[in-house]
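Reviewing the structure listed below.
The values are calculated or read from the model by the stated rules, or taken from the named source; none is laboratory data. This is a predicted model, so every value here is computed, not measured. Here the Cβ is made from the backbone with ideal geometry for all residues, glycine too, and neighbour counts use every protein chain on show.
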Amino acid sequence: MALKFDYIASVLFLAVGVLFIIGSKHLESSSYGSAVGPDIFPLILGSGLVLLSIRLLYETFITKNQQGRKEKLQYKPFLIIFAATLVYILTLETIGYVITTFLFLFVCFQTMERSKMILSLIISACFSGLVYFLYVEVLKGTLPDWPIWF
Amino acid sequence: MSTLDYLFQGFGTALIWYNILFAFVGVLIGTAVGVLPGIGPMSGVALLIPVTASITGGLPPEHAATSAIILLAGVYYGAMYGGSTTSILLNTPGESSSVVTTLDGYQMAKKGRAGSALSIAAIGSFVAGIITLVALIALAKPLSAVALKFGPAEYFSLMLLGLGAVSGLAGKSVTKALIMTVLGLLLGTIGIDNVSGIARFTFDVPWLYQGIEFLTIAVGLFAVGEVFKTILEKEEEDNEIARINNLLPSKAELKESAGPIARGSLLGFFVGILPGAGATLASFFSYILEKKISKTPSKFGTGTIAGVAAPESANNAASGGAMIPLLTLGIPGSGTTAILMGALMMYNVQPGPLLFEDHPQVAWGLIASMFIGNIMLLILNLPLVKVFAKIIQTPKQFLIPMIIAISIFGVYAVQVSTYDLLLLLGCGLFGYFLNKNDYPIAPLVLGLVLGPMVENNLRRALTISNGDFSVFFTRPISLLFLIITFLWLIIPFLMKKRGKDVIINIEG
């Protein structure tokens, strides 16, 4: 697993390095009154990244395939929480902070463990309400408030 | 003005009522962060930056910076106190610098001496904190005076040394650590170049013009990444918490641990100053040292008080020592100090030799508040240790989603942009995979924070020398730094080739 990841990662890092080199070639090479321009630093770094990725690829190549211990990963709760976070982020500005945070927390609490329904409801409501009140009313900060139809 | 005058002024700042409150909240949260496994000082500090930024919003800029850094530093050294609690009571280190404490601490708890182990750990941490602070005060002025004489070439090489040292010690593979460093530096080049004003690698996306925000990356990689890891690798743990009987150590125990505390503090302090070597290494070294000089080395591992006193003093001393390069040179030596530096820069306060001249209030206020914070921690930890031990029973069901919610709130409050939230989520995923495959994250954040400064000094040096790279090798101090960097990276590599074990720094 780790080795396979290292292969993919080293190739990706190599690509990133090459892209930065190409990108810095397109920048202006010198600024007024100076022999060194904005391109030199990314150019050096890009080249460094290319060399290091090649070294990582080589290291991965010579390392014998070790079978690591397999861990049981909890994909289902992770995917639900990840999706919930994504939905939360995307709807935050349209539906508003309090409602989205409340729903997000409640869904996640129940995904983590199917128990204590009422306590989950109370904690999610308190957290979203309290953060909103403290930040917007007391500290005068800005958070997306309520949806237009509210 | 003499150092003492500055220190008194610092106390004047630190003793303003809200600063006392900030220090208190900082050490309280720090202790909690130290107790909870899964949240280390790095994610704790990163999570709290946006929260403190919004709380201090009403104060004038310099006051806000002082108060914020007082709170954040409190989290940092408070975590060092808290880490020992779970190591001793549960055999589960709350953070990596308390791993060694489990060896003797848990054995002591098993024998019914948990109380004395905990109090010695707290007393040791307190003594170490005070010794470090005295050293910090003594060294701050002379060191920044030396650093003021550095030109851009010296600075560039010094930063290279810092980055190299952190990469060399950061993980199992130096190559991977270096890749992370370079990646961090590259991410730092995105946005408007502040010398020439040219937009670099922005692809005409307006959101990228201001550059990639360090806060988003740090919170994403550390806090969210750690949360994803906890969800994916769910473990059922129901260790029993050892009972705490007598809290006060006996006179014999105090006498026995005086030596280890003193040695641990000094060793920890010097290890802490070194870039790259943090609290984790310091605690390992001091444990090994105590075992070597002990008359009865066989006692170690069976519950001897020296095995708790030395590493706990050392990790706290190291966290204070790590403040020295940050405050005087402007070069963070570890992941957590890099995050502290990023926080200071958010307030437009540049750590470095000029900090003590330009912002004496920030620098001395912080130092004075560390005195107060350490006293608070001692008071908090001795009688309240039972309360803190309860924190570990916080159900993960509620803790984990709340950390995600706090991360999202924090990043949104500072950045007010959905793109940053998406980046945060992406970084969380990225951070999980990197961590799982032994790619250390601390060098990336360090690279991102130091990137613009490294580049500016490089370009200034090259502009002065008219594009001639030999300037870095002909100036003696710069050459010295480069040689040390080179040795730092090459020696562990050679030692590994010879089949020797190299102790690495897991905390970063």
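Considering only the stretch B:362-392, state which residues are of a type in the set (A, V, I, L, M) and either under 14 Å from B:ILE137 (Cβ atoms) or surrounded by 24 or more Cβ atoms within 10 Å (Cβ to Cβ) (or both).
Here is the first cut: in the stretch B:362-392, the ones of a type in the set (A, V, I, L, M) are B:362-363, B:366-368, B:370, B:372, B:375-380, B:382, B:384-385, B:387, B:389, B:391-392.
If the condition is that a residue be of a type in the set (A, V, I, L, M) and either under 14 Å from B:ILE137 (Cβ atoms) or surrounded by 24 or more Cβ atoms within 10 Å (Cβ to Cβ) (or both), then B:VAL362, B:ALA363, B:LEU366, B:ILE367, B:ALA368, B:MET370, B:LEU377, B:VAL385 are the ones that fit.
Is at least one residue of the stretch B:442-458 of a type in the set (Val, Ile, Thr) and facing another protein chain (nearest Cβ under 10 Å)? Show your work before the answer.
Let us first name the residues in the stretch B:442-458 that are of a type in the set (Val, Ile, Thr), namely B:445, B:449, B:454.
Remaining after also requiring facing another protein chain (nearest Cβ under 10 Å): B:454.
Yes, there is a match, as at least one residue in the stretch B:442-458 is of a type in the set (Val, Ile, Thr) and facing another protein chain (nearest Cβ under 10 Å).
Which residue is farthest from A:PRO144 (Cα to Cα), if the candidates are limited to the stretch B:404-446 and must be among the small types (Gly, Ala, Ser) and modelled with pLDDT under 90? Walk me through it before giving the result.
Looking only at the stretch B:404-446, we keep the residues that are among the small types (Gly, Ala, Ser), and these are B:405, B:407, B:410, B:413, B:417, B:426, B:428, B:431, B:442.
The next check asks that each one be modelled with pLDDT under 90; those that pass are B:410, B:413, B:417, B:442.
Details: B:GLY410: 13, B:ALA413: 10, B:SER417: 11, B:ALA442: 33 Å.
Ranking the candidates gives B:ALA442 first.
Considering only residues that are outside any helix (DSSP H, G or I) and more than 19 Å from B:ALA121 (Cα to Cα), look in the stretch B:13-48 and name the one that is modelled with the lowest pLDDT.
If we take residues in the stretch B:13-48 being outside any helix (DSSP H, G or I) and more than 19 Å from B:ALA121 (Cα to Cα), then B:GLY38 is modelled with the lowest pLDDT.
Just to check your reading of the model, which residue among B:LEU458, B:LEU424, B:LEU429, B:LEU434 is crowded, with 24+ Cβ neighbours inside 10 Å and either without any contact (Cβ under 8 Å) to a residue 40 or more places away in the chain or of a type in the set (A, V, I, L, M) (or both)?
Numbers: B:LEU458 fails: crowded, with 24+ Cβ neighbours inside 10 Å; B:LEU429 fails: crowded, with 24+ Cβ neighbours inside 10 Å; B:LEU434 fails: crowded, with 24+ Cβ neighbours inside 10 Å.
None of the others qualify; the one that does is B:LEU424.
Considering only the stretch A:100-137, state which residues are closer than 16 Å to A:PRO147 by Cα and surrounded by 17 or more Cβ atoms within 10 Å (Cβ to Cβ).
A:THR100, A:THR101, A:PHE102, A:LEU103, A:SER128, A:TYR132
If I ask for residues that are touching a Ser or Thr at 6+ places or on another chain (Cβ under 9 Å) and not polar (S, T, N, Q), which ones from the stretch B:146-161 would you list?
B:VAL146, B:ALA147, B:PHE150, B:GLY151, B:PRO152, B:ALA153, B:GLU154, B:TYR155, B:PHE156, B:LEU158, B:LEU160, B:LEU161
From (1) modelled with pLDDT of 90 or more; (2) small (Gly, Ala, Ser); (3) not in a helix (DSSP H, G or I), pick out the condition that doesn't hold for A:GLY17.
The single condition A:GLY17 does not satisfy is (3).
Per-residue answers, yes or no, for (1) at positive phi; (2) out of contact with any Pro (no Cβ under 7 Å at 6 or more places or on another chain):
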position: B:PRO61; (1), (2): no, yes
position: B:ALA64; (1), (2): no, yes
position: B:SER67; (1), (2): no, yes
position: B:LEU72; (1), (2): no, yes
position: B:ALA79; (1), (2): no, no
position: B:GLY83; (1), (2): no, no
position: B:ILE88; (1), (2): no, yes
position: B:ASN91; (1), (2): yes, yes
position: B:SER98; (1), (2): no, yes
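If I filter the stretch A:34-51 for residues that are within 28 Å of B:VAL227 (Cα to Cα), modelled with pLDDT of 85 or more and within 7 Å of another protein chain (Cβ to nearest Cβ), do I get at least one hit?
Quick first cut of the stretch A:34-51, residues within 28 Å of B:VAL227 (Cα to Cα) only: none.
No, the conditions are met nowhere in the stretch A:34-51.
B:LEU158 passes all but one of (1) of a type outside the set (S, T, N, Q); (2) in contact with a Phe, Trp or Tyr (Cβ under 6 Å, 6 or more places away or on another chain); (3) within 14 Å of another protein chain (Cβ to nearest Cβ); which number fails?
Going through the list (1) of a type outside the set (S, T, N, Q); (2) in contact with a Phe, Trp or Tyr (Cβ under 6 Å, 6 or more places away or on another chain); (3) within 14 Å of another protein chain (Cβ to nearest Cβ), B:LEU158 breaks only (3).
Would you pick out the residues in the stretch A:85-106 that are of a type in the set (A, V, I, L, M, F, W, C), at the interface with chain B (Cβ under 9 Å from one of its Cβ atoms) and over 16 Å from B:LEU399 (Cβ atoms)?
Hits for the stretch A:85-106 are A:LEU86, A:ILE89, A:LEU90, A:LEU92.
How many residues are under 24 Å from the mean Cα position of the chain (by Cα) and either outside any helix (DSSP H, G or I) or on the phi > 0 side of the Ramachandran plot (or both) when one looks only at the stretch B:1-12? Talk me through it step by step, then tell me what you get.
Taking the stretch B:1-12 as the starting set, the residues that turn out to be under 24 Å from the mean Cα position of the chain (by Cα) are B:7, B:10-11.
From what's left, either outside any helix (DSSP H, G or I) or on the phi > 0 side of the Ramachandran plot (or both): none.
Residues meeting the conditions: 0.
Could you run through the stretch B:491-508 and say how many residues are in contact with a Gly (Cβ under 9 Å, 6 or more places away or on another chain) and at pLDDT 70 or above?
So the count comes out to 3.
Give me the pairs, please: first residue somewhere in the stretch B:193-204 and more than 8 Å from chain A (Cβ to nearest Cβ), second residue anywhere and outside any loop (DSSP other than H, G, I, E, B) and among the small types (Gly, Ala, Ser), beta-carbon distance under 9 Å, and either six or more positions apart or on two chains.
B:ALA199/B:GLY191; B:THR202/B:GLY191
With respect to A:GLU59, is the statement that it is within 8 Å of another protein chain (Cβ to nearest Cβ) and under 30 Å from B:LYS172 (Cβ atoms) true? Full working, then the answer.
Details: within 8 Å of another protein chain (Cβ to nearest Cβ): yes; under 30 Å from B:LYS172 (Cβ atoms): yes.
Criteria met by A:GLU59.
Could you check the stretch A:45-65 and list, in sequence order, the residues that are polar (S, T, N, Q) and crowded, with 17+ Cβ neighbours inside 10 Å? Give the derivation first.
The initial filter retains those residues of the stretch A:45-65 that are polar (S, T, N, Q), namely A:47, A:53, A:60, A:63, A:65.
Hits for the stretch A:45-65 are A:SER53, A:THR60.
Anything in the stretch B:317-367 that is of a type in the set (Gly, Ala, Ser) and either part of a helix (DSSP H, G or I) or at pLDDT 90 or above (or both)? List them, or say none. Before you say what the answer is, go through the steps one by one.
At the first step, the residues of the stretch B:317-367 found to be of a type in the set (Gly, Ala, Ser) are B:317-322, B:330, B:333-335, B:338, B:342-343, B:352, B:363, B:365.
Scanning the stretch B:317-367 gives B:ALA317, B:ALA318, B:SER319, B:GLY320, B:GLY321, B:GLY335, B:ALA338, B:GLY342, B:ALA343, B:ALA363, B:GLY365.
Identify all residues within the stretch B:53-75 that are closer than 22 Å to B:PHE222 by Cα and surrounded by fewer than 24 Cβ atoms within 10 Å (Cβ to Cβ); write none if there are none. Write out each step before concluding.
Restricting attention to the stretch B:53-75, the residues satisfying the condition of being closer than 22 Å to B:PHE222 by Cα are B:53-54, B:68-75.
Hits for the stretch B:53-75 are B:ALA53, B:SER54.
Mind listing just one residue for me: the one in the stretch A:110-143 that is more than 9 Å from chain B (Cβ to nearest Cβ) and farther than 30 Å from B:GLY58 by Cβ and, of those, modelled with the lowest pLDDT?
That would be A:ARG114.
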